[in-house]
Every structure is written in C-alpha cells, then in structure tokens.
Amino acid sequence: MERNIKASSGKCGIAVEPSYPTKTGENPPNPGPTPPSPAPPSSVCDSYNECPASTTCCCIYEYGKECFAWGCCPLEGATCCDDHYSCCPHNYPICNTQQGTCLAVIAQTIS
C-alpha cells in the first residue's frame, strides 16, 4: 500500500471509512484433553508366557534349548545373564556375574 500521499482519504479512499470485523458470538470451546496414549505392549516370552511392558523376558530354568520357566527383568531391552538370575541394561550388555557388574565392552589386554 502506498504511504505518505496528499489525499486525506488515502489511496482508493481506504482511510475514509475503515472497517474491522466485529465479534458477534462467543469464543469457540476449548478442545478437551488429549486421550491417553495406548499402553505399550507386553514382552512375549513364548506361546504361553509374557512379561509386563518395559521389561525383558529372561529364562530362569533352561533344559537343553528349551525354557521351562521365565522371569521378568525390570529393564527394557536387557541382556539376560548366564546365572539365570541377573540381567544387564541394553547400554551395558555384557554380564560379569562373578563381580555382579555389567560392562559396556569387553576389556582387551595387549600381549
């Protein structure tokens, strides 16, 4: 739009009778609360057993290649340790059951 012109009515008479929208009704209603997100799925151990969401299935009684009893590690994406009792978080996946620790990488010795 052109500015600083000599006519008091403005360019095309826009300054003579400006119009602005007027509100005639009430404000629209606020949206309701967002619905809760669905619960995360449980961890499926085998055809008959599962652990709650955000946990990991660990075999606590194994015979051969079959697991006859499952336990639920309270960590998501965990590594189950060979002692069938412990588990390690996904960012420290190496079990050291003798020391009761979890390692990020195996320490290599230089010979």
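The values are calculated or read from the model by the stated rules, or taken from the named source; none is laboratory data. Here the structure is a predicted model, which means the values were calculated and not measured. Cβ coordinates were reconstructed from backbone atoms using ideal geometry, including for glycine residues, and neighbour counts include every protein chain displayed.
In segment 65-93, which residue that is hydrophobic (A, V, I, L, M, F, W, C) and in contact with a Phe, Trp or Tyr (Cβ under 8 Å, 6 or more places away or on another chain) is surrounded by the fewest Cβ atoms within 10 Å (Cβ to Cβ)? First the steps, then the outcome.
Here is the first cut: in segment 65-93, the ones hydrophobic (A, V, I, L, M, F, W, C) are 67-70, 72-73, 75, 78, 80-81, 87-88.
Remaining after also requiring in contact with a Phe, Trp or Tyr (Cβ under 8 Å, 6 or more places away or on another chain): 67-69.
Details: 67: 17, 68: 10, 69: 12.
Checked segment 65-93; the qualifying residue surrounded by the fewest Cβ atoms within 10 Å (Cβ to Cβ) is 68.
Of the residues in segment 42-77, how many are on the phi > 0 side of the Ramachandran plot and over 26 Å from the mean Cα position of the chain (by Cα)? Explain how you work it out, then say what you get.
Taking segment 42-77 first, the residues on the phi > 0 side of the Ramachandran plot are 54, 64, 77.
Add one more test, that the residue is over 26 Å from the mean Cα position of the chain (by Cα), and what stays is 64.
Total satisfying the criteria: 1.
Checking residue 90 against (1) in contact with a His (Cβ under 9 Å, 6 or more places away or on another chain); (2) part of a loop (DSSP other than H, G, I, E, B); (3) of a type outside the set (Phe, Trp, Tyr), which single condition isn't satisfied?
Result: residue 90 passes all but (1).
What are the pairs with Cβ atoms under 7 angstrom where one residue, in segment 23-44, is within 30 Å of residue 59 (Cβ to Cβ) and without any contact (Cβ under 8 Å) to a residue 24 or more places away in the chain and the other, located anywhere, is among the acidic types (Asp, Glu) and assigned to a strand (DSSP E or B)? Sequence gap at least six, or different chains.
Matching pairs, first to second residue: 42/50; 44/50.
Quick check on segment 37-48. Is at least one of its residues surrounded by fewer than 10 Cβ atoms within 10 Å (Cβ to Cβ), of a type outside the set (A, V, I, L, M, F, W, C), assigned to a loop (DSSP other than H, G, I, E, B) and at pLDDT below 80?
Looking for residues that are surrounded by fewer than 10 Cβ atoms within 10 Å (Cβ to Cβ), of a type outside the set (A, V, I, L, M, F, W, C), assigned to a loop (DSSP other than H, G, I, E, B) and at pLDDT below 80, one finds none in segment 37-48, hence no.
Give the residues of segment 53-64 that are surrounded by 12 or more Cβ atoms within 10 Å (Cβ to Cβ) and under 14 Å from residue 76 (Cβ atoms), sorted by residue number.
Correct list: 54, 55, 56, 57, 58.
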